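Here is the structure we will look at.
The values are calculated or read from the model by the stated rules, or taken from the named source; none is laboratory data. These numbers come from a predicted model, not from an experiment. Quick reminder, even Gly has a Cβ in these numbers, built from the backbone with ideal geometry, and neighbours come from all protein chains shown.
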Amino acid sequence: MEEVMATLNIKSFPEELYNILGQQAKKDRRSLTGEVIFLLEWALEETSKERPSILQLRGLGKKHWKDIDVAKHIDKERESWE
């Protein structure tokens, strides 16, 4: 038996985001539709997980960032987005 699939149309979708999705889909060897479905499934799965409280996160990653200049790291990350 064939699975019934719905159609989703999105109006006023930002062209820049559309282009980024297309590039990501190509990189992941998926169609644009497949990429959108993959990302939505991932996002919905992530948001359904129980999130830890801020107290549980206290000190997390402290060893990793010990000898790193956080401001320089953030600047480098931002430069890579351009």
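If you go through segment 54-82 and keep only what is at pLDDT 75 or above, surrounded by fewer than 10 Cβ atoms within 10 Å (Cβ to Cβ) and within 30 Å of Glu16 (Cα to Cα), you end up with Val70, Ala71, Lys72, Glu77, Arg78, Glu79, Ser80, Trp81. If you check Glu35 against the conditions, is it under 21 Å from Trp81 (Cβ atoms), exposed (fewer than 10 other Cβ atoms within 10 Å of the Cβ) and either of a type in the set (Lys, Arg) or at pLDDT 90 or above (or both)? So Glu35 does not fit the description; no. Scanning segment 1-32 for residues that are over 16 Å from the mean Cα position of the chain (by Cα) and of a type in the set (Ser, Thr, Tyr) turns up Thr7, Ser12, Ser31. Of all residues being in a helix (DSSP H, G or I) and of a type in the set (Asp, Glu) in segment 43-53, which is modelled with the lowest pLDDT? Just the residue, please. Looking at the filtered set, the residue picked out is Glu46.
Inside segment 5-19, residues that are of a type outside the set (A, V, I, L, M) and outside any helix (DSSP H, G or I) make up a count of 6.
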